[in-house]
Amino acid sequence: MIKRHEDQLWARLDELYTRGTTFIANGELYHWYNVERVSKTPWRDIRARWTQLLEERGRGYEDPKVAELDGGVSLFFARKPSSLSEKAA
């Protein structure tokens with residue numbers, strides 16, 4: 001991965017940490033990792049970087065959720081998740 005793509009990925013992980021969500025387009029994954037098919041390798045790299053980010057902030061590992069959408073993936077990280085049904089009750 002080249003430096004500017006690393007910077008873009010780190011920016012998304014920072015956004016995930018600070019906002020609780022981020023979106024990565026499929027095309028970005030293919031381009032950043034120079035692959036034709038997204039296998040386990042990109043996901044393992046993203047997980048390692050996420051772990052590093054949490055360690056830098058003095059936190060233990062917390063696993064974000066990944067939702068596959070048309071055109072990409074959304075990652076969600078919530079410290080106290082709840083459902084819409086719970087909020088509406």
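Bear in mind that the values in this text are calculations on the coordinates, not laboratory data. Keep in mind it's a predicted model, so treat the numbers as computed, not measured. Positions of Cβ are backbone-derived with ideal geometry, glycine not excepted, and every protein chain shown enters the neighbour counts.
A few comments on the model shown:
- Residue match in the stretch 32-43 (condition: in contact (Cβ under 8 Å) with a residue 24 or more places away in the chain and in a helix (DSSP H, G or I)): yes
- Subset of the stretch 53-70 (residues that are exposed (fewer than 11 other Cβ atoms within 10 Å of the Cβ) and either among the polar types (S, T, N, Q) or not in a strand (DSSP E or B) (or both)): 56, 57, 58, 60, 61, 63, 70
- Residue match in the stretch 68-76 (condition: of a type in the set (Ser, Thr, Tyr) and touching a strand residue (DSSP E or B) at 6+ places or on another chain (Cβ under 7 Å)): yes
- Candidate set from the stretch 71-87 (those that are out of contact with any Pro (no Cβ under 8 Å at 6 or more places or on another chain) and in a strand (DSSP E or B)); member that is farthest from residue 13 (Cα to Cα): 72
- The set of residues in the stretch 17-32 being among the polar types (S, T, N, Q) and out of contact with any helix residue (DSSP H, G or I) (no Cβ under 8 Å at 6 or more places or on another chain) consists of 18, 26.
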